[in-house]
Each structure stands twice: as structure tokens, then as C-alpha cells.
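Read the figures in this text as sums done on the coordinates, not as results from a lab. Just so we're clear, the structure is a prediction, and the values are computed from it rather than from any experiment. Positions of Cβ are generated from backbone atoms using ideal geometry, with glycine treated the same way; all protein chains shown enter the neighbour counts.
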Amino acid sequence: MCAAHDEIDEIHLAEVAAQKRIEEAERRAKEIKEEAEAESQKILENAAAAAKENTKAITSETEAKKKDIDRRVQDETDRRVAHLETTAKEHMKDAVKIAVKIILAEE
């Protein structure tokens, strides 16, 4: 009976040791999971920050290009308006001369 009792004690000690190893493995698994989740969160935050910076850079570049295009369009418009004004003044002078000739010829 003593041998059976010793075997039961050994089995019990083995079960206790196995339970401790299981608990330690579960604890370590939980730590690894928490570390992985924290790292994942950090990666997501860094990715979001990088995306935000890229968006800022693209927006800034787009705005600079828009301003450049607006400036070029305005310069071209100003040149055309100046040309039209010059042409209109020349035509006005010619029209006045013709009008004067018509008026003088009628009198």
C-alpha cells in the first residue's frame, strides 16, 4: 500500500508541477499577446502619423502648383488684356480719324 501511496503522491506532485508550468505558459502567452498588441498599436499610430505627414506634403505641393498655375493664368490674362487695350486704343484712334474725315467731308 505504501508503494501505491507513493505513486499517488508522485502523480499529485507531477500534476502540481504540470499545473504550474501551464499557468506559467498561460502567463507568458498573455504577456506576449499584450506586447504584440502594444507593438501593433504603435505601428498603427506611426503609420497614421506618416500618412498624415504625407497628406500634408501632398496638399502643400498641390497648393503650390495651384498657386503657380493661377499666377501663370493671371499673367497671361494680364498680357492679353494689355494687348486688347493697346489694340482698342489704336482702333479708337483710327475710328476717330475716320469719323473726323466723314464729318469734315460732310460739311
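Per-structure values
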{"quantity": "Among V81, V73, V16: highest mean-square fluctuation, GNM of the chain, C-alpha pairs under 10 Å", "calculated": "V16"}
{"quantity": "Charge context of E34, other residues only, Cβ under 12 angstrom, K/R +1, D/E -1", "calculated": "0"}
{"quantity": "Electrostatic dipole magnitude of the chain [Cβ: Lys, Arg +1; Asp, Glu -1; Cα centre; debye, to 20]", "calculated": "1460 debye"}
{"quantity": "Cβ-based net charge around E24, under 13 Å, with every Lys or Arg adding one and every Asp or Glu removing one", "calculated": "+2"}
{"quantity": "Furthest towards positive pole of dipole, V81, T59, L104, structure part the chain, Cβ charges", "calculated": "L104"}
{"quantity": "Sum of side-chain charges, Q74 neighbourhood, beta-carbon under 14 Å (Lys, Arg +1; Asp, Glu -1)", "calculated": "+1"}
{"quantity": "Tilt relative to the chain, helix 2-106 - C-alpha long axis, 0 to 90 degrees, to 10", "calculated": "0 degrees"}
